[in-house]
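Right, one structure below, let's go through it.
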Amino acid sequence: MTRSEGQAIPLVDAAVAHAAIGRFPAAPTSAKTSVQTIDDGRAMDSVSDSHLQALAEGIGMRLRAARQMLVTAESCTGGWIAKIVTDVAGSSDWFDCGLVAYSYEAKQALLSVNPHTLETHGAVSRETVIEMVSGALVHSGASVAVAVTGIAGPGGGTADKPVGTVWVAWKRRGGYPRAVVFAFDGDREAVRRQTVAAALSGLADFVD
C-alpha cells in the first residue's frame, strides 16, 4: 500500500526553541515554535514570493562563488524549492537537480531511504529526512543538499504531530547532516511557503 505525507506517525521528541528565520541565519538544532519571524519582522506565514526569490538569488550567488552545486529532495513541498531556485536566471550554474519523493516507495527508490526507517519512524521524522538528504547527494552530482518532509494539511495531523510539523535537513558532501523540526502555522499554502523559506535560509551554513 502506498503511503505519503499525510499519515499519522509517532512524533520524534524535539526540544522547543524559538528561531528567527533571517535571510541567511544559522540553522538551529531544533526550531519548533508556533510563530516564526523573518528578517523584516513579519510572521513566517506571510512569506512573500519576492522574499522567496531573494532567498534563492542570495544562496545562488553564494553557491556560484563557491563553485558548488545544489540538489533538493522534497516531499511536502512537491518541488516548490526547485521551482523557486530555477526561477533565478543562470541557476544552471549552481543547481544540479530536484527530486520529488512523496510516497514511501518513491523515497526508497529515488533517495535510498531504508524501508525499516519509514516503518519505524515514519515519513515525517528526523531519521527519514536525514536519509533523504544523504540519498539526494548519492543520486546526484551536487555538493550540497536540502531535504524536506512534513504535514502540510489540512488533514493528516495528530495531537503529537499536528499539521504544520516539518523536518528540514541540510548536508554537504563528505560532511554531517543537520536536521531541524519546525511547527508552522497557517493553511496548506502557508505551511509549504514557510518550509521553502526555511529550507533556503538554512543552506547558508553549508556553502563556503
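The values are calculated or read from the model by the stated rules, or taken from the named source; none is laboratory data. Remember, it's a predicted structure, so these values are computed and weren't measured experimentally. All Cβ positions, even for glycine, are placed from backbone atoms using ideal geometry, and neighbour counts span all protein chains on display.
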Residues of region 92-122 being surrounded by fewer than 14 Cβ atoms within 10 Å (Cβ to Cβ) and touching a Leu at 6+ places or on another chain (Cβ under 9 Å), in sequence order, are D93
Lone qualifier among A89, A66 - being farther than 24 Å from I151 by Cβ, surrounded by fewer than 22 Cβ atoms within 10 Å (Cβ to Cβ), more than 17 Å from the chain's Cα centre (by Cα) and touching a residue at least 40 places away in the same chain (Cβ under 8 Å): A66
Of all residues in region 146-191 being at pLDDT below 95 and of a type in the set (D, E, K, R), the one that is surrounded by the fewest Cβ atoms within 10 Å (Cβ to Cβ): D160
Restricting region 157-204 to residues that are assigned to a loop (DSSP other than H, G, I, E, B) and charged (D, E, K, R), which is nearest to G79 (Cα to Cα)? D187
List every residue pair whose Cβ atoms lie under 6 Å apart, where the two residues are 6 or more positions apart in sequence or sit on different chains, the first residue falls within region 110-139 and is free of Cβ contacts under 8 Å to residues at least 60 places away in the same chain, and the second residue, located anywhere, is acidic (D, E). V113/E131; T117/E127; T117/E131
